[in-house]
1. With respect to Pro193, determine if the residue is crowded, with 18+ Cβ neighbours inside 10 Å and either farther than 17 Å from Gly157 by Cβ or away from the ligand (no atom under 13 Å from the Cβ) (or both).
2. Return the total of residues in segment 214-245 being outside any strand (DSSP E or B), more than 16 Å from the ligand (Cβ to nearest atom) and not small (Gly, Ala, Ser).
3. Of everything in segment 101-119 that's open to solvent by 10 Å² or more (accessible area, probe 1.4 Å) and out of contact with any His (no Cβ under 8 Å at 6 or more places or on another chain), which residue is farthest from the ligand (Cβ to nearest atom)?
4. Select from segment 24-52 the residues that are closer than 23 Å to Val387 by Cβ, over 28 Å from the mean Cα position of the chain (by Cα) and open to solvent by less than 40 Å² (accessible area, probe 1.4 Å) and list them in ascending order.
5. Sort out which residues of segment 317-331 are surrounded by fewer than 24 Cβ atoms within 10 Å (Cβ to Cβ) and under 25 Å from His147 (Cβ atoms), and write them in order of number.
6. Quick check: anything in segment 150-160 in a helix (DSSP H, G or I), within 18 Å of Ala227 (Cα to Cα) and in the same structural domain as Ala92 (by TED's automatic domain parsing)?
7. Applying the selection to segment 174-205, what residues are charged (D, E, K, R) and either closer than 17 Å to Ile224 by Cα or without any contact (Cβ under 8 Å) to a residue 24 or more places away in the chain (or both)?
Amino acid sequence: MRAVLQPAWIIDGTGSPALTDHAVSLVDGRIDAVIPIQQLDAREDDRVIDLPGTTLIPGLINNHVHLVLPGDNTPFVPWIDTQSDAALALRAVHNAETSLQSGVTTVRDCGGRGSTVIDLREAQTNGIANGARVISCGWPLTITGGHTRHFGGEVDGEDALRTMVRKVVGLGADYVKVMAAGGGTPGSLPQYPSFTAAELRVIVETAHDLGRMVAAHCIATASIENAIQAGVDLIEHASFFGPDLIPQFDARVAEKLARASIPVTPTLQVNRDLVDLLPEGPERALWERRQQAQREIVSALRDLGVPLLAGSDAGWRATAFDTFWKELDELVECGFSAVAAIHAATGAVSRALRSDERYGTIRPGQIADLVAVEGQVEASIKYLREVRGVIQAGNIVSSDFLAG
Ligand SMILES: [Zn+2]
């Protein structure tokens with residue numbers, strides 16, 4: 001049987017402007033066609049779903065999350081050491097489900113402890129867990145004393161790095177994540193690079209030999225340069241931190257980044273959620289400075305043509321799993337149109353992850369991951385708060401519009 005969705009607008013996730021007067025047909029969990037309304041040959045057994053006043057977009061892809069973390073401003077340390085692997089896995093299930101209800105049909109997890117996130121992905125594959133489709137790195141590789149060492153990925157030296165890449169891939173990692181600088185873990189130093197460029201190169205070569213991409217967490221400006229030199233496939237954050245722990249744009253490094261054309265996921269929402277949450281005071285003032293500086297950097301990277309992807313860092317600090325619209329709103333603050341922000345959270349991500357033949361856009365043959373949003377999203381990204389229905393692989397996950 002064919003399902004025919006008739007929204008007022010369609011944003012297909014390729015970056016093209018919204019379509020009007022078109023319907024989208026679904027067959028067997030896939031998109032069958034995008035059809036001009038006049039050419040729609042209604043069949044008797046069609047299931048027609050009218051979506052007046054709504055915009056249909058591809059299922060969103062949150063390109064940077066930590067499913068095992070709470071995202072409610074609980075300090076990572078010591079909390080993480082009080083949690084069993086089972087507790088982390090159960091939380092990951094909950095966070096994947098929460099993501100899906102909010103219109104996020106796929107998440108790229110950027111690190112949990114041990115195999116907890118890989119186990120969730122396998123449970124989904126086996127049909128015993130629901131939620132946003134999970135892409136997992138397992139755990140991140142980090143230097144001794146480095147960021148998120150509590151996840152179990154402390155490793156130094158080229159031989160040990162090779163072994164650990166092989167181990168995490170052997171346990172089922174879809175890609176390899178490396179902490180190329182410190183971060184928010186107490187004791188780690190975000191303003192300095194962690195691995196050397198040569199060490200990163202070993203990680204990249206070993207991962208590529210096993211058909212896996214490498215994503216590098218880069219806060220310090222020097223870590224961005226190391227990651228470019230090593231040939232990583234994706235850069236997380238690109239915060240351009242100088243020694244004073246404030247983002248500071250570096251035109252030379254930014255131009256290198258643009259030449260290398262490595263997609264960057266700037267995770268702007270972390271700043272915004274903390275600014276919104278913290279009471280007036282020095283800590284909030286620091287995050288406001290970071291927010292302003294990072295918006296300026298992202299808008300400069302955009303002008304240079306660096307591919308930018310939407311990922312919120314949900315789970316980390318105070319960033320929740322059902323507010324991904326804020327990351328897209330931050331991209332709009334950096335000069336993106338609403339359509340470009342949707343592209344950065346759909347088609348651009350699936351292309352960067354080499355999954356664009358499977359999902360990420362509204363095109364014939366794609367897995368039917370779709371979200372119906374109240375209002376004309378092209379006019380304002382803030383309509384994304386009003387998700388009215390979610391379809392994942394052709395299954396209706398939630399909807400108001402089918403009631404009655
Ligand atoms: Zn992260």
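The values are calculated or read from the model by the stated rules, or taken from the named source; none is laboratory data. All of these numbers come straight from a predicted model, not from anything done at the bench. Positions of Cβ are backbone-derived with ideal geometry, glycine not excepted, and every protein chain shown enters the neighbour counts. Accessible surface areas use protein heavy atoms only, side chains included; no ligands, DNA or RNA. Shrake-Rupley method; radii C 1.70, N 1.55, O 1.52, S 1.80 Å.
1. Working: crowded, with 18+ Cβ neighbours inside 10 Å: yes; either farther than 17 Å from Gly157 by Cβ or away from the ligand (no atom under 13 Å from the Cβ) (or both): yes.
Yes.
2. To start, the set of residues in segment 214-245 that are outside any strand (DSSP E or B) comprises 221-233, 242-245.
Of the ones still in play, those that are also more than 16 Å from the ligand (Cβ to nearest atom) are 221-222, 225-226, 228-231, 233, 242-245.
Right, trim to not small (Gly, Ala, Ser) and you get 221, 225-226, 228-229, 233, 243-245.
Result for segment 214-245: 9.
3. From segment 101-119, those open to solvent by 10 Å² or more (accessible area, probe 1.4 Å) are 101-102, 113-115, 119; that's our starting set.
Cutting the leftovers down to out of contact with any His (no Cβ under 8 Å at 6 or more places or on another chain) gives us 101-102, 114-115, 119.
Values: Gln101: 22, Ser102: 19, Gly114: 17, Ser115: 18, Asp119: 20 Å.
Only one residue tops the list, namely Gln101.
4. Passing the criteria: only Ile49.
5. Answer for segment 317-331, where residues must be surrounded by fewer than 24 Cβ atoms within 10 Å (Cβ to Cβ) and under 25 Å from His147 (Cβ atoms): Arg317, Ala318, Ala320, Thr323, Lys326.
6. Here is the first cut: in segment 150-160, the residues in a helix (DSSP H, G or I) are 150-151, 158-160.
Checking which are within 18 Å of Ala227 (Cα to Cα) leaves us with 158.
Narrowing further to those that are in the same structural domain as Ala92 (by TED's automatic domain parsing): 158.
Yes: one or more hits.
7. Here is the first cut: in segment 174-205, the residues charged (D, E, K, R) are 174, 177, 199, 201, 205.
Selection gives Lys177, Glu199, Arg201, Glu205.
Condition check ((1) basic (Lys, Arg); (2) surrounded by fewer than 16 Cβ atoms within 10 Å (Cβ to Cβ)) across all residues:
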site: Ala345; (1), (2): no, no
site: Arg354; (1), (2): yes, yes
site: Tyr359; (1), (2): no, no
site: Gln366; (1), (2): no, no
site: Tyr383; (1), (2): no, no
site: Gly389; (1), (2): no, no
site: Asp400; (1), (2): no, yes
